[in-house]
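Down below is the structure, laid out as structure tokens.
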Amino acid sequence: MRLSDNEVAKVRDWALDVSMDPIETTALGDTAQSYTAGMSSATGNATVSYYTGVTTSVVQLLEKIVTTSAITDDNQVELTFEVGTNQYFKANAFITNASISSSTNELTSVSFQFTVNGPLTTVETTGTV
């Protein structure tokens with residue numbers, strides 16, 4: 001997982017749910033319902049892990065998840081998920097829920113849910129995203 005172009009944690013697992021809300025276009029007198037494509041949206045969850053020797057980048061990530069101040073657009077994170085060799089989904093998202101745990105071997109895990117803000121894009125590259 002990257003934040004401000006710095007890798008802050010390793011993604012252990014992730015899931016992305018994408019949906020589209022169809023808009024009904026059925027007219028009076030039609031004998032069957034009809035629809036046109038509507039707005040799309042996406043939500044998901046992920047678990048990331050990092051060693052407890054906290055770096056500045058990890059602190060910045062945690063501040064976007066655990067905050068005592070008002071949530072603003074600055075609390076968005078850019079998420080990048082690998083879906084194949086050199087193929088990625090990229091999105092801006094708000095973290096909507098998080099759970100942080102640590103084990104005795106100093107490995108910390110953060111499980112979180114997110115809501116995508118704006119379009120989900122696909123990226124193909126030959127290098128690191």
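Values quoted throughout were computed directly from the atomic coordinates according to the rules given, and no laboratory measurement underlies them. Owing to the predicted nature of the structure, the values given are computational and were not obtained by experimental measurement. Glycine gets a Cβ as well: all are built from the backbone with ideal geometry, and neighbour counts include every protein chain shown.
Couple of notes before you dig in:
- Pairwise FRET efficiency - Thr85 versus Ala15, Cβ, R0 = 25 Å, nearest 0.05: 0.80
- Taking amide H positions as modeled 1.01 Å from N, with prolines and chain starts lacking one, the residues under 5 Å from Asn117 and 5 or more places away or on another chain are Asn92, Ala93, Phe94.
- Loop chymotrypsin sites (Phe, Trp or Tyr not before Pro), segment 83-127, which have at most 14 other Cβ atoms in a 10 Å radius of their Cβ (DSSP): none
- In segment 59-129, GluC sites (Glu not before Pro) in a DSSP loop with at most 16 other beta-carbon atoms within 10 Å: Glu106
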